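Input: a single structure, listed below in structure tokens.
Derivation of every value follows stated rules applied to the coordinates shown; laboratory data play no part. Because the structure is a prediction, the values reported are computed rather than measured. A quick note on method: Cβ atoms are made from the backbone with ideal geometry, for glycine too, and the neighbour counts reach across all protein chains shown.
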Amino acid sequence: MHSFIFEVLKKLISKGYVISQLTFVLPNKRAGLFLKKELAKQATPPIFLPEIISIESFVEEVSQLKQLNNIEAFFEFYALYASTTPRKETEPFDRFSKWATIVLQDFNEIDRHLVDPTKIFKYLSAIQEINHWSLDPSPTDMIKGYLRFWKQVGRHYDNFSEYLLNKDLGYQGLIYKNAVHNLEAYLQNTKRKTHIFLGFNALNAAESSIIQELLQQERAEIFWDADKQFLNSPYHDAGLFMRRYKKEWPYYRSHPFNGVAAHYMTPKAIHITGASKQISQVKYVGELLSELSTQNKLENTALILADENLLLPVLSALPPEVESVNITMGLPLAQVPLASFIDQWFTLQVTETGRYYYKDIIGLLSHPFVALLLQKNQVNNVQNIIHNIKRDNLIALSCEDLLALAPVAELPLRLLFEPCHASPKAAIQQLLRLFIELKKQHQDKGLNNALSLEYIYRFSTLFQQIENYDAEYNIVDSIKTLQLIFKDVLTKETLNFKGQPLNGLQIMGMLESRVLDFETVIIVSVNEGILPAGKTQNSFIPFDVKTENNLPTYKEKDAVYTYHFYRLLHRANEVHLVYNTEPEVLKGGEPSRFIAQLELDGHHQCHHQILTPKVPKIDTSPFVVKKTKGILESLQALAKQGLSPSSLGQYIRNPIDFYNQKILGLKENNALEETVEATTFGSVVHYTLEAFYKPFVGQLLDIEKLLALKPKIEPTVRQFFKELYKKGDTSRGKNLISFEIAKRYILNFLDHEIEFLKKGHKIELKALELPVSTILDGPEFDFPICLKGNIDRIDSCDGVPRILDYKTSKVNQTDLNLVDWPPLVEDYKAHNKSFQLLMYAYMLHKSQALPLPSEAGIFSFKNLNAGVLKFTKKDKPGRGAHKQTQITPEILEAFEAQLKVLLSTIFDIDNHFIEKKV
């Protein structure tokens with residue numbers, strides 16, 4: 001089947017036109033390349049190329065105005081706004097930008113569609129006054145300001161239009177409007193030009209006026225690329241605009257409607273595929289392209305991305321068989337990796353103190369571009385800095401602090417973290433130097449990443465433009481404003497790709513497909529809210545006002561995409577429509593109405609499939625590590641070094657955790673303590689009590705001496721916080737609360753001890769933080785097993801020896817009750833505290849340092865009123881049980897038996913490490 005361009009050229013040649021003397025006007029520049037390709041095929045003998053121009057360039061030529069880009073228009077508008085608005089009413093740039101972007105879009109729409117601006121702005125002002133009408137004769141200042149804004153929008157429009165016209169400049173809408181006014185002069189100056197308009201559909205009023213005038217003066221022809229199926233249907237949106245032109249344009253009362261074919265009804269293979277989420281769509285497309293490559297179909301295949309955010313994922317999923325790709329669409333700058341790097345840099349710079357939050361620092365340091373900057377002599381400075389931040393608990397750091405952590409990387413660190421002192425000019429210069437250093441690092445390291453270099457060049461050019469505009473207009477007054485401009489530009493600008501435009505697979509958006517025809521078409525993200533976009537208009541002009549003034553609404557925009565969708569199907573032989581089966585809130589909903597229409601029309605047989613991802617069978621059986629001779633040797637080496645109550649408790653809790661930490665040596669993730677963690681807090685309390693009680697070892701506790709400790713609580717607690725919490729700040733927030741709680745715990749403990757002594761009890765302090773160890777005897781093991789631990793406190797209370805452990809967590813008496821012995825080494829949650837106390841007593845007794853009977857208990861700082869919570873052996877559960885709190889030889893003998901059962905399990909090569917759910 002021949003392409004639309006082929007058919008038009010044949011028609012023109014048959015009419016006797018000299019092709020080289022024509023001016024072809026196309027919807028976009030891309031179509032011009034395909035027109036040139038077709039001309040090269042058909043021109044026999046060879047001819048000079050005719051003039052080929054896009055509609056925007058043509059209108060700009062007619063208007064004699066130069067078009068501003070988005071940034072220029074924004075700066076020009078604010079400069080004029082600031083100079084024509086009373087100073088008291090002038091909004092700062094950051095607030096101005098929130099409404100100016102939408103206002104400029106509305107100016108564009110009004111001018112492109114030749115709407116009377118005075119009428120529409122009066123209309124809008126009246127609507128707002130009605131909306132805010134009130135019986136209250138004194139409206140608020142906010143309402144006054146809001147109504148004043150709407151009264152002034154028309155003035156802003158008039159001032160801006162006049163200002164730009166005096167400088168021969170214009171935004172797109174103004175250029176279109178001026179082109180209509182200047183058309184007569186253009187026609188006088190180009191009397192010999194014949195214009196051929198190709199492939200247009202939805203024209204704005206200015207385009208319609210210009211083309212109609214050219215047609216009436218027989219200075220043009222237009223070929224519509226319509227299909228009879230839709231043109232003759234009174235209701236189908238794919239023919240909405242062409243039916244309107246055919247009916248309403250006077251030209252068609254005496255001239256034929258050119259460019260109508262009947263290709264849609266020819267047989268086509270239409271495949272509709274539902275896939276879960278974006279990633280599944282992209283993977284399916286990769287597989288489909290691989291299959292098409294084996295059939296040699298890629299040279300005439302178009303991959304249409306209805307959701308242009310899929311460009312990078314699609315490029316990543318291209319199979320190796322796709323050797324040549326041409327990307328017609330631009331990559332939104334917001335998706336470029338360097339954009340996130342710059343945004344993170346701005347996040348730091350808006351901090352006016354010069355000290356940056358550690359998470360923001362780590363976020364920037366973790367960016368791939370920063371890793372490139374800081375890599376020096378094979379040394380990973382990024383990891384070193386992050387390690388030091390976490391190790392020293394650094395919550396906020398200055399540039400100088402960071403330099404001290406990695407002095408060898410001074411230049412890049414200064415470019416990254418040197419504060420710009422709220423100067424946007426300094427910020428731009430610092431960013432430009434950063435880009436230069438990034439480029440240098442690419443070159444020095446021999447990285448031929450053309451895409452990364454293009455990113456650097458594009459953003460360098462962008463900030464140079466902003467710098468030049470600011471030098472002229474002096475608008476950017478803060479780094480926040482600069483960041484705001486940057487974010488606004490990200491939403492409007494794209495990074496354009498360069499390549500061989502006519503070779504290989506063509507990847508494009510819907511609008512780039514105009515005029516072009518392909519044998520195989522793949523459209524991705526065919527979902528409602530994406531294709532068509534639906535109600536996504538960003539405008540201050542209400543729907544009914546737009547309808548009243550013939551401005552396009554979402555209905556007309558839906559009709560535009562309906563035409564583009566069906567036009568792609570006109571001459572295609574094979575069509576693949578891929579949609580997301582799982583609707584997303586912001587990225588499209590159910591399958592597009594176009595899919596339902598195709599299936600209901602019945603003109604073509606549609607093959608519909610839903611891709612079901614292969615769900616791997618999840619093994620729910622516990623993870624097992626089989627013991628080997630090597631593991632057994634490691635276990636025996638560990639036994640020789642010493643097993644503590646906590647390490648054995650870890651095995652009881654989950655043998656896999658024991659294996660990971662004790663055999664493999666894996667450490668827990670030591671996250672930075674932004675607020676004081678429980679372990680640090682507990683250590684502060686332990687160390688403070690050790691410092692207080694150490695002078696009393698070997699003595700009876702004395703009330704007066706304990707009272708004398710109270711004034712020392714605050715400085716001592718502060719000292720240990722500084723030692724253990726490194727450079728963390730305890731002067732504010734949650735950390736201050738932790739500091740105060742630690743003081744309160746110590747004070748409450750001293751008060752508890754004093755009250756206990758006042759009741760006539762006598763406490764003799766024997767030892768503090770006592771390291772204790774013993775060798776386990778018995779024929780069960782043919783290698784030595786050392787047991788070790790650290791006991792917080794040993795004393796004698798009224799003549800009864802006691803082993804005491806401090807807990808800053810909440811402990812209840814039920815946590816220390818034991819009925820049956822086997823659960824002691826099986827149920828960690830219920831009996832871990834009893835196991836710890838009994839093991840302390842066992843080791844101490846074995847080392848001849850604990851006379852029996854004795855007691856073992858816990859001081860819980862969250863439950864001090866309960867006093868010492870003692871290990872208690874009960875003969876049965878529930879009430880009425882006999883309770884034994886004394887540690888006797890029989891108790892330790894029973895404990896030893898359970899301990900040996902546990903150790904036999906650990907050292908048995910046939911008893912593997914089996915994961916427990918915790």
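If you keep only loop residues by DSSP, which GluC sites (Glu not before Pro) in the range 722-829 have at most 16 other Cβ atoms within 10 Å of their Cβ?
Details: sites: E723, E740, E753, E755, E764, E769, E780, E826; in loops: E780, E826.
Those that pass, being in a loop and sparsely packed, are E780, E826.
Distance from the C-alpha centroid of the range 862-892 to that of the range 735-808: 17 Å, rounded to the whole angstrom. Looking at the range 846-918, which trypsin sites (Lys or Arg not before Pro) are in a loop (DSSP not H, G, I, E or B) and have at most 16 other Cβ atoms within 10 Å? Within the range 846-918, the qualifying trypsin sites (Lys or Arg not before Pro) (loop, at most 16 other Cβ atoms within 10 Å) are K862, R879, K916, K917.
On a per residue basis, the convex hull of the C-alpha atoms belonging to the range 763-918 measures out at 135 Å³. Other residues within the sphere of radius under 12 Å centred on the Cβ of V819, judged by their own Cβ, net out at +1 (K and R +1, D and E -1). With contacts taken as Cα pairs under 8 Å and at least 6 residues apart, the chain reaches a relative contact order of 13 percent.
Are any of the pairs K807/K829; K29/K557; K870/K917; K297/K617; K743/K807; K11/K193 more than 27 Å apart by Cα-Cα distance, and if so, which?
Working: K807/K829 16 Å; K29/K557 22 Å; K870/K917 29 Å; K297/K617 37 Å; K743/K807 15 Å; K11/K193 19 Å.
Table pairs above 27 Å Cα-Cα are K870/K917; K297/K617.
Cα centroid separation, the range 513-547 to the range 612-653: 57 Å. Between Q813 and S324, the simple label model (points 7 Å from Cα in the Cβ direction) yields a spacing of 8.8 nm. For the range 278-360, the percent of C-alpha pairs falling in each 5 Å distance bin, counted from 0 to the bin holding the largest distance, reads 3, 12, 19, 16, 13, 8, 7, 7, 6, 5, 3, 1, 0.
Can you sort V285, V322 from fewest to most other Cβ atoms within 10 Å of each residue's own Cβ?
So the residues, fewest neighbours to most, are V322, V285.
A straight chain from E218 to S773 at 0.36 nm per residue would run longer than the Cα-Cα distance by 189.1 nm.
Relative to the longest principal axis of the Cα atoms of the chain, the long axis of helix 205-216 makes an angle of roughly 20 degrees. Hey, what angle do you get for helix 4-14 against the long axis of the chain, alpha-carbon based, 0 to 90 degrees rounded to 10? The helix 4-14 is inclined about 10 degrees to the chain. Just so you know, the Cα atoms of the range 312-428 work out to an Rg and Dmax of 17.5, 54 Å.
Rounded to the nearest whole Hz, the Karplus-based 3J(HN,Hα) values (6.51 cos²θ - 1.76 cosθ + 1.60, θ = phi - 60°) of the range 553-561 follow the sequence 10, 4, 5, 5, 5, 5, 5, 4, 6, with x at glycine and proline.
Do any of K66/K546; K151/K492; K667/K900; K277/K555; K710/K762; K846/K900 go past 25 Å between their Cα atoms, and which?
Numbers: K66/K546 28 Å; K151/K492 28 Å; K667/K900 27 Å; K277/K555 27 Å; K710/K762 21 Å; K846/K900 15 Å.
K66/K546; K151/K492; K667/K900; K277/K555, as the Cα separations exceed 25 Å there.
If you take the alpha carbon atoms of the range 834-918 and fit the smallest convex hull around them, that volume is 160 Å³ per residue. Under the combined filter of DSSP loop state and at most 14 neighbouring Cβ atoms within 10 Å, the range 505-595 retains these trypsin sites (Lys or Arg not before Pro): K535. In the chain, the longest principal axis of the Cα atoms and the axis of helix 70-84 are about 90 degrees apart. Shape class for the range 334-495, computed from the alpha carbon gyration tensor (a ≥ b ≥ c): oblate, with a/c not under 1.5 and a/b at or below b/c. Relative contact order, whole percent, for the range 334-495 stands at 25, derived from Cα pairs under 8 Å and 6 or more residues apart. Phi angles of the range 510-526 translate, via the Karplus equation with coefficients 6.51, -1.76, 1.60 and θ = phi - 60°, into HN-Hα couplings of 4, 5, 6, 7, 4, 6, 8, 10, 9, 6, 10, 10, 10, 10, 10, 6, 7 Hz per residue; Gly and Pro are given as x. For the pair the range 355-369 / the range 52-131, the C-alpha centres are spaced 39 Å from each other. Per-residue extension of 0.36 nm, minus the Cα-Cα distance of T190 and L511, leaves a gain of 112.6 nm for this segment. Using only the Cα atoms of the chain, build the gyration tensor, take square roots of its eigenvalues as a ≥ b ≥ c, and label the shape rounded, prolate or oblate: rounded if a/c is under 1.5, else prolate if a/b is larger than b/c, else oblate. Prolate shape, in that a/c is at least 1.5 and a/b is the bigger ratio.
Once you have a ≥ b ≥ c as the square roots of the Cα gyration tensor eigenvalues for the range 27-74, tell me rounded if a/c is under 1.5, and otherwise prolate or oblate according to whether a/b is larger than b/c. Spell out each step's value before the answer.
On the way: a/c = 4.78, a/b = 2.61, b/c = 1.83.
Prolate shape, in that a/c is at least 1.5 and a/b is the bigger ratio.
Helix-only mean residue ellipticity at 222 nm, the chain, DSSP H runs n ≥ 4 weighted -39,500 (n - 2.57), per residue, nearest 500. What is it?
On the way: 34 runs with 446 residues, N = 918.
Taking each H run of at least 4 residues, the total per residue is -15500 deg cm²/dmol.
Taking every DSSP beta bridge that has both ends in the chain, the antiparallel portion is near 40%.
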